[in-house]
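Trainee: Encoded as structure tokens, here's the structure I'll be asking about.
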Ligand SMILES: C[S@@+](CC[C@H](N)C(=O)[O-])C[C@H]1O[C@@H](n2cnc3c(N)ncnc32)[C@H](O)[C@@H]1O
């Protein structure tokens, strides 16, 4: 009697596999942890099956987009600079699920409507531009903000108490302005803080279109 050949079950891609993959291409541990914390929040807060498209804007090494692409979501990643580690990661991705566009997000144009727009540590007003692109395309979004921009981008009707600038700092205040603006135009929105031990720029501003909930 011949031996039964056991079929190897293909493991589903998850956080453990992402850690191994990014470690393999030489991404530092603290950066992996930052990305994992962001991704874990996104997976908990959003039902990915609701979206035909996921964007990773100002993607840098492209870790966020890599993860969702390997989970078989259609991902478009955008950045205006080259990156060696990203090049290595892209080699492992199926182009059916991943598209990298080398351009400025100011030149990219309209995003696909009703997408999920993600961005991690887009510096200064880039974070505002990411939020604007998400709102223009009626998309849901999550951005981990970075340093605040040179100019106040959004003008909500309700301006947070300016004394909060001294209390919380300018970056946090800028996030409150963003939050109020998004909340006033038909989004359920919030700020989620990941551990400061992972990164001091630890606030994730997120928004979900109310009509989608
Ligand atoms: C602080 S890094 C964050 C990268 C990545 N998301 C991460 O957290 O590792 C900011 C990224 O924004 C990109 N960037 C700067 N200006 C941009 C622009 N106008 N359009 C697209 N990407 C831009 C930079 O090349 C860089 O990769």
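Trainee: Residue by residue through segment 51-72, note down the ones that are away from the ligand (no atom under 13 Å from the Cβ) and touching a helix residue (DSSP H, G or I) at 6+ places or on another chain (Cβ under 6 Å).
Mentor: Of everything in segment 51-72, just one residue is away from the ligand (no atom under 13 Å from the Cβ) and touching a helix residue (DSSP H, G or I) at 6+ places or on another chain (Cβ under 6 Å), namely 54.
Trainee: Please state which of the following conditions residue 167 fails to meet, knowing it meets all the rest: (1) over 16 Å from residue 106 (Cα atoms); (2) crowded, with 22+ Cβ neighbours inside 10 Å.
Mentor: Condition (2) is where residue 167 drops out.
Trainee: Additional query: Looking only at segment 89-103, decide whether some residue is more than 12 Å from the chain's Cα centre (by Cα) and under 26 Å from residue 190 (Cα atoms).
Mentor: no
Trainee: Please indicate, with yes or no, whether at least one residue in segment 177-196 is surrounded by 17 or more Cβ atoms within 10 Å (Cβ to Cβ) and within 14 Å of the ligand (Cβ to nearest atom).
Mentor: Yes, segment 177-196 contains a residue that is surrounded by 17 or more Cβ atoms within 10 Å (Cβ to Cβ) and within 14 Å of the ligand (Cβ to nearest atom).
Trainee: Separate question: Examine segment 185-205 for a residue that is closer than 26 Å to residue 99 by Cβ and either in a helix (DSSP H, G or I) or modelled with pLDDT of 95 or more (or both), and state whether such a residue exists.
Mentor: Scanning segment 185-205 turns up at least one residue that is closer than 26 Å to residue 99 by Cβ and either in a helix (DSSP H, G or I) or modelled with pLDDT of 95 or more (or both).
Trainee: Wholly within segment 81-151, which strands (runs of 3 or more DSSP E) include no fewer than the required count, namely at least 3 residues that are near the ligand (Cβ under 9 Å from one of its atoms)?
Mentor: Counting at least 3 such residues, we get 116-122.
Trainee: Determine which member of the set 21, 48 is at pLDDT 95 or above, more than 14 Å from the ligand (Cβ to nearest atom) and more than 14 Å from residue 141 (Cα to Cα).
Mentor: Within the list 21, 48, the selection yields 21.
Trainee: So residue 208 clears everything in (1) within 16 Å of the ligand (Cβ to nearest atom); (2) touching a strand residue (DSSP E or B) at 6+ places or on another chain (Cβ under 9 Å) except one condition, right? Which one?
Mentor: Only one criterion is unmet by residue 208, namely (1).
Trainee: Just the residues that are touching a strand residue (DSSP E or B) at 6+ places or on another chain (Cβ under 8 Å) and without any contact (Cβ under 8 Å) to a residue 24 or more places away in the chain, please, taken from segment 82-98.
Mentor: Listed by number, the list holds a single entry, 82.
Trainee: Looking only at segment 148-162, decide whether some residue is in contact (Cβ under 8 Å) with a residue 40 or more places away in the chain, crowded, with 18+ Cβ neighbours inside 10 Å and closer than 29 Å to residue 32 by Cα.
Mentor: No, every residue in segment 148-162 fails to be in contact (Cβ under 8 Å) with a residue 40 or more places away in the chain, crowded, with 18+ Cβ neighbours inside 10 Å and closer than 29 Å to residue 32 by Cα.
Trainee: Would you call residue 60 in contact (Cβ under 8 Å) with a residue 60 or more places away in the chain and surrounded by fewer than 24 Cβ atoms within 10 Å (Cβ to Cβ)?
Mentor: So residue 60 passes the test.
Trainee: Please tell me if residue 64 is modelled with pLDDT of 95 or more and within 16 Å of residue 15 (Cβ to Cβ).
Mentor: yes
The values are calculated or read from the model by the stated rules, or taken from the named source; none is laboratory data. Treat the numbers as computed from the prediction; the structure is a model and nothing was measured. Glycine also receives a Cβ, built like all others from the backbone with ideal geometry; neighbour counts cover every protein chain displayed.
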